[in-house]
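Below is one structure, written out as structure tokens, with a few remarks after it.
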Ligand SMILES: [Zn+2]
């Protein structure tokens with residue numbers, strides 16, 4: 001490859017910016033009608049063509065060969081220079097990430113005072129990453145935007161328009177804003193396919209799908225990834241070549257993990273993950289691959305269509321659709337999304353990934369126990385144990401045994417004989433750590449606190465303290481004293497301040513869920529200790545609950561003994 005694909009195939013005309021045709025057409029019409037705005041704001045995710053569009057606009061405004069269709073010719077010296085991003089008298093590209101201050105803005109304003117080099121030219125300033133400009137820089141630029149010099153056009157490009165709104169709201173009324181679309185996998189596939197055909201390189205459909213998915217909405221990334229694959233060999237692009245080049249995990253590995261979950265083989269998690277770790281895989285990729293697979297499985301269970309799935313994977317998931325209830329898959333996806341922010345920052349990704357899989361594998365057991373606990377909490381809190389269940393077939397191992405201990409239910413709910421008839425595992429029953437606040441308060445201990453941390457966060461959020469809730473979400477329950485003092489660990493002063501300011505709302509939230517809460521103390525923790533919350537260890541939660549059960553109701557000890565044995569199995 002002499003020239004990177006992304007560069008070689010960068011559009012030279014509005015018509016080539018196919019995905020963003022809504023913007024391209026409007027801009028072309030503005031040129032045709034001589035109604036060019038003085039400032040544009042292009043918003044959109046990375047790789048969606050903001051800078052490319054800005055350059056095509058600059059080319060069209062300065063092309064030496066004016067064409068009747070108002071497209072740039074793409075071949076004259078002006079077009080070529082602008083297209084390549086090389087220095088040009090009339091087009092200046094500025095990266096706001098490194099020129100964000102007021103001096104840079106002043107410099108820019110002064111340069112803008114001098115008009116373009118020729119009568120038919122426009123001076124175009126393309127300011128990339130515009131959200132990085134400081135408030136002062138925007139204030140300096142505002143004057144130029146209010147009284148724009150003739151034939152000067154500013155094009156601001158940003159991935160985060162809301163930051164501009166925060167730093168310089170008045171700017172937004174001075175610019176014409178365009179929102180660029182995120183590029184869908186189908187568009188990426190189509191474009192990739194066109195480019196590779198032009199390059200006379202064949203590609204397997206599966207390989208095309210993998211590249212499109214990995215590009216995640218960025219056309220530039222898609223082409224760079226294709227470059228990466230091409231640099232590793234010659235001939236047609238196969239799925240296995242893409243996997244090798246991008247370090248992707250074979251989809252069969254994900255299917256194998258699904259089987260571990262479906263068959264509740266929690267003990268096998270460590271060997272499976274260890275084997276993947278031996279390949280040196282990236283756990284971030286593994287986590288998002290697992291999320292994609294669960295999502296696809298969910299769609300298939302629900303009877304929906306899954307675009308961009310290889311035939312092989314579609315078949316494998318189709319075979320397994322009876323093994324998963326949609327509610328279980330939803331819960332798993334929720335748990336996965338929940339740990340994602342911590343995951344990215346954690347130095348213990350393998351451990352987090354393993355614990356997550358163990359939780360998935362024990363999911364039914366946890367719910368079975370949850371059912372029993374609700375039974376123990378007394379009538380009125382069960383909410384119909386099998387209600388809303390969408391399971392098509394009982395899970396193969398744990399649930400039927402765990403969830404139907406008639407003696408336990410009978411002991412507590414003699415007045416409701418029907419309720420014990422078929423205490424199926426409720427597919428939409430909440431898992432332990434997202435259980436709604438129940439009427440009966442819980443005894444305060446660290447495990448239970450960790451497990452109900454999300455409830456505490458939600459309670460605080462519901463009380464109107466969004467900032468405090470967000471801070472709480474970043475914090476970790478650190479200790480619970482016998483006197484009822486709850487210590488919350490934080491890793492930054494900002495978090496500590498936020499929590500201190502919302503101390504009363506946190507205490508209120510804790511008291512609504514737990515009994516015996518005295519007060520809240522915020523403690524600084526070193527980075528890293530917060531990586532794994534106790535709530536992530538499913539076994540701890542279960543062990544703790546079983547211990548509580550024993551204490552609370554000795555009459556049921558025998559039943560729990562039996563249950564305990566099964567759990568340990
Ligand atoms: Zn030209």
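Every number here is computed from the coordinates shown, using simple stated rules; none is lab data. Nothing here was measured: the structure is a model prediction, and the numbers come from that model. Cβ atoms come from the backbone with ideal geometry, glycine included; neighbour counts cover every protein chain shown.
Specify, per residue and in Å³, the volume enclosed by the convex hull of the alpha carbon atoms belonging to segment 185-246.
Once divided by residue count, the hull of segment 185-246 is 64 Å³.
How long is segment 59-209 along each principal axis, judged by its Cα atoms, biggest number first, in Å?
Result for segment 59-209: principal-axis Cα extents of 53, 38, 26 Å.
What ranking do 76, 63 get, fewest neighbouring Cβ atoms within 10 angstrom at the top?
Least crowded to most crowded, the residues run 76, 63.
I need to check one value: relative contact order of segment 5-179, counting alpha carbon pairs closer than 8 Å and at least 6 residues apart, in percent.
RCO, segment 5-179: 27 percent.
Please report, for the Cα atoms of segment 441-536, the Rg to one decimal and the Dmax as a whole number; what are they, in angstrom?
11.8, 32
Volume per residue, Å³, of the convex hull around the alpha-carbon atoms of segment 215-307?
114
Just rank 224, 326, fewest to most, by other beta-carbon atoms within 10 angstrom.
In order of increasing Cβ crowding within 10 Å: 224, 326.
Quick one: P(r) of segment 262-313 from all Cα-Cα pairs, 5 Å bins, percents rounded to integers, in order of increasing distance.
Taking every Cα pair in segment 262-313, the percentages come to 4, 16, 18, 22, 21, 13, 5, 0.
For residue 322 and residue 181, what does the FRET efficiency come to when R0 = 35 Å and r is the distance between their Cβ atoms, rounded to the nearest 0.05?
Efficiency at R0 = 35 Å is approximately 0.40.
Radius of gyration and Dmax for segment 458-507's Cα atoms, expressed in Å?
10.5, 30
How large is log10 I(q)/I(0) at q = 0.18, 0.19, 0.21, 0.26 Å⁻¹ when the Debye formula is applied to the Cα atoms of segment 264-349, each weighted equally and without solvent?
The computed values of log10 I(q)/I(0) come out as -0.94, -1.03, -1.18, -1.33.
Using only the Cα atoms of segment 88-173, what semi-axes does the equivalent ellipsoid have when each is the square root of 5 times a gyration tensor eigenvalue? Give whole Å, largest first.
The equivalent ellipsoid of segment 88-173 has semi-axes of 21, 13, 12 Å.
Residue 97 to residue 246: FRET efficiency via 1/(1 + (r/R0)^6), r the Cβ-Cβ distance, R0 25 Å, to the nearest 0.05?
0.40
Can you bin every Cα-Cα distance in segment 8-103 into 5 Å intervals starting at zero and give me the percent of pairs per bin, rounded to whole numbers?
2, 13, 24, 25, 21, 10, 4, 1, 0
Quick one: 292, 128, fewest Cβ neighbours within 10 Å first, how do they rank?
292, 128
Find how many whole Å separate the alpha carbon centroid of segment 110-167 from the alpha carbon centroid of segment 464-493.
Between the Cα centres of segment 464-493 and segment 110-167 lies a distance of 44 Å.
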